[in-house]
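The values are calculated or read from the model by the stated rules, or taken from the named source; none is laboratory data. For clarity, every value in this text was computed on a predicted model and none was experimentally measured. Every residue, glycine as well, gets a Cβ built from its backbone with ideal geometry; the counts of neighbours run over all protein chains shown.
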């Protein structure tokens, strides 16, 4: 999508602090971190606006995303725990409508999230 912020980041037309990437997934640091480690993981291709649009054909890409998240958590020394979050809709706090997940760690998290 031409006007999608994360699509522009994926192709490199908007700079980001890239952490790692695979064939289908890009991970980069959030510019407004909510935790000491805050990495965004996105599909490089705009496959969905949010998790609400995920279908079975996205399975391989999702597996790649989760594998990359686990690898980054290990590389970032988050053995004490980490959180992987996706927001669906503006009411849940989603501000960029390109499927993405937030990898958060480096501090204790309570429940409910806060």
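Do we have any residue at all in segment 54-72 that's exposed (fewer than 13 other Cβ atoms within 10 Å of the Cβ) and under 28 Å from residue 111 (Cα atoms)? Among the residues of segment 54-72, at least one is exposed (fewer than 13 other Cβ atoms within 10 Å of the Cβ) and under 28 Å from residue 111 (Cα atoms), which makes the answer yes.
Yes/no per residue for (1) in contact with a helix residue (DSSP H, G or I) (Cβ under 9 Å, 6 or more places away or on another chain); (2) assigned to a loop (DSSP other than H, G, I, E, B); (3) modelled with pLDDT under 95:
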site	(1), (2), (3)
7	no, no, no
39	yes, no, no
61	no, no, no
77	no, yes, no
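Within segment 56-69, residues that are free of Cβ contacts under 8 Å to residues at least 40 places away in the same chain and at negative phi have Cβ atoms under 6 Å from residues that are outside any helix (DSSP H, G or I) and buried (at least 17 other Cβ atoms within 10 Å of the Cβ) in these pairs: 58/47; 61/24; 61/43, counting only partners at least 6 apart in sequence or on another chain.
For first residues located in segment 98-114 and at pLDDT below 95, partners that are surrounded by 11 or more Cβ atoms within 10 Å (Cβ to Cβ) and in a strand (DSSP E or B) and lie 6+ apart or on another chain with Cβ distances below 8 Å form the pairs 109/83; 113/83; 113/85. The number of residues in segment 76-85 being over 19 Å from residue 100 (Cα atoms) and touching a residue at least 40 places away in the same chain (Cβ under 8 Å) comes to 1. May I ask you to list the residues in segment 16-33 that are in contact (Cβ under 8 Å) with a residue 24 or more places away in the chain, buried (at least 18 other Cβ atoms within 10 Å of the Cβ) and part of a strand (DSSP E or B)? The answer is 19, 25, 27.
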